[in-house]
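A short write-up of the structure that comes next.
The values are calculated or read from the model by the stated rules, or taken from the named source; none is laboratory data. Here the structure is a predicted model, which is why all the values come from computation and not from measurement. We place every Cβ from the backbone using ideal geometry, glycine too, and count neighbours over all the protein chains shown. We work out accessible area using only protein heavy atoms, side chains counted, and drop any ligands, DNA or RNA first. Shrake-Rupley method; radii C 1.70, N 1.55, O 1.52, S 1.80 Å.
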Amino acid sequence: MNAARRPGLVIAVDGPSGAGKSSTSREVAARIGCAYLDSGSMYRALALWCADHGIAATDPDAVVAAARQLPMEISASATGFAVLLDGMNVTDRLHRPEVSGMVSGYAGIREARNALNARMRAIIADAGRIVVEGRDITTVVAPDADLRVLLQADPARRIARRQAELAGAADARTVTEQVIGRDAVDSASSQFERPADGVVLIDSTELTLQEVVEKVIGLVPAQLRTPDPA
Ligand code: C5P
């Protein structure tokens, strides 16, 4: 694959937890030859690093300093997405319930968001062709993206999906609290409940993953979908 010969393409996918952003974004990226960035993992890495270094979300100055100097490397690949902290691969740790439970507190600190946003934009520019998912990618991080999608689903469906992913590791009440509670806190720092101007709303409540993927790919301008034959 010669990335230099392919047209640039940025696809931004936002939405609440459990709407299917990650599965959809990874699959779209793999199908049309794009890099992939899960911006939530960057917030999770910040929260994990702070917790490991005794920095609480109630100390915003220390969190902002950490966000600016975070020793984080990202492998922005659809098939091998990975996050390294201090050279250690922490990708699997990032989705543990204790990280999910504390990440929103760190993500609510405006200057820490600005620091991570700058890193996201650098990764996007470096990749050229990329699918980026999160909460404020369509509005703040990449408002000029070639395609911007807000992926929604009914709360009951989102809770059911998260529960299936956790395969019985958490009871229904805990999962409900995680999904609905986290969205409520997150909606104070990002607007992902309604599509902004020019953002396409896809409701995945009654759709399979493949149907959502086809819809997103169908929205990509045809000339940006395939490798440039030149
Ligand atoms: O997408 P994921 O659930 O992994 O995101 C984890 C957390 O990171 C969210 O609950 C939110 O607090 C934060 N986040 C954010 N803005 C983004 C992506 C994630 O605030 N663009």
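Ignoring any ligand, DNA or RNA, what whole percent of the accessible area of the chain comes from carbon and sulfur when the probe is 1.4 angstrom?
Details: 5670 of 10800 Å².
Reported share for carbon and sulfur atoms: 52 percent.
Evaluate the charge dipole of the chain about its Cα centre and quote only its size in Debye, nearest 20, assuming +1 on the Cβ of each Lys and Arg and -1 on the Cβ of each Asp and Glu.
Working: 25 positive and 29 negative charges, 74 e Å.
Charge dipole of the chain: 360 debye, to the nearest 20.
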If I build a Gaussian network model for the chain, linking alpha-carbon pairs within less than 10 angstrom, which residue out of A170, A196, A12 has the largest mean-square fluctuation? A170
For labels at A169 and M88 in the simple 7 Å Cα→Cβ model, what's the distance in nm? 1.8 nm
Summed over the other residues with a beta carbon less than 11 angstrom from that of R31, with K and R at +1 and D and E at -1, the charge totals 0
Quick one: among G33, G87, G105, which has the greatest mean-square fluctuation in a GNM of the chain with alpha-carbon springs under 10 angstrom? G87
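If you count only protein heavy atoms with a 1.4 Å probe, what accessible area per residue comes out for segment 10-215, rounded to a whole Å²? Write down the numbers at each step before the final one.
On the way: 9190 Å² over 206 residues.
I get 45 Å² per residue for segment 10-215.
Work out, step by step, the length gained on full extension between I180 and T79: first 0.36 nm times the residue separation, then minus their alpha carbon distance; give nm to one decimal.
On the way: separation 101, 0.36 × 101 = 36.36 nm, distance 2.90 nm.
Residue separation times 0.36 nm, minus the Cα-Cα distance, leaves 33.5 nm.
How do the peptides 149-161, 38-50, 63-75 rank, highest first, by the average count of neighbouring beta carbon atoms within 10 Å per residue? All intermediate terms of the calculation are to be shown ahead of the outcome.
On the way: 149-161: 19.8, 38-50: 23.8, 63-75: 17.3.
Highest to lowest by the protection proxy: 38-50, 149-161, 63-75.
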If I build a Gaussian network model for the chain, linking alpha-carbon pairs within less than 10 angstrom, which residue out of A167, A62, A107 has the largest mean-square fluctuation? A167
Run the helix sum for the chain: -39,500 (n - 2.57) per DSSP H stretch of 4+ residues, divided by residue count, reported at 222 nm to the nearest 500 deg cm²/dmol. -13000 deg cm²/dmol
